[in-house]
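Beneath this line is the structure, given in structure tokens, with notes to follow.
Readers should treat all values here as calculations from the given coordinates under stated rules, not as data from a laboratory. These figures come from a predicted structure and were not determined experimentally. Positions of Cβ are backbone-derived with ideal geometry, glycine not excepted, and every protein chain shown enters the neighbour counts.
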Amino acid sequence: MKIHRRPPDFDDLRGRAADEAESLLNELPAELAARARALPLVFEGTPSEALVRSGIAPETLGLFIGAPFAEEPTGGPLPSEILLFLENLWAAAGGRDREFRAEVRRTLLHELGHYLGLDEGDLLERDLD
């Protein structure tokens with residue numbers, strides 16, 4: 001018989017994701033880590049209705065919004081940011097903590113790649129699809 005556990009509450013998922021993101025940032029080269037730390041990292045459960053209406057798939061794991069680093073305007077009205085969708089990441093990990101943390105890491109690296117100007121093909125070449 002398969003036992004179904006309730007997913008952790010959002011605050012628990014956010015804490016796990018924040019720990020993993022901090023661990024990843026500590027492993028990056030100093031210059032890249034500084035740029036990544038300056039980029040807002042926002043945790044959401046799932047994409048909002050507005051994002052889905054704009055064409056973002058409901059099962060999306062993460063999203064980079066804004067201008068890539070090399071194209072960032074100075075003093076622009078809205079900063080670039082990365083969104084991680086924790087409920088989707090938890091589901092993609094099959095409800096397992098170790099896999100969830102790995103998905104957070106992989107998705108954050110993927111979105112940081114977009115911030116650095118990499119497209120989907122570039123990320124696929126780096127096994128970050």
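Quick notes on this one:
- A dipole drawn for the chain from +1 and -1 charges on Cβ atoms has a positive end, and of A17, L84, L28 the residue lying farthest that way is A17.
- In the set (1) 60, 19, 12; (2) 29, 16, 14; (3) 26, 17, 14, the label that goes with semi-axes √(5λ) of the Cα gyration tensor in Å computed for this structure is (3).
- Part-to-part distance (alpha-carbon centres) for segment 34-53 and segment 91-113, which is given in Å: 14 Å
- Under a model in which nothing but the beta-carbon of Lys, Arg (+1) and Asp, Glu (-1) is charged, segment 10-125 shows a dipole of about 180 debye around its Cα centre.
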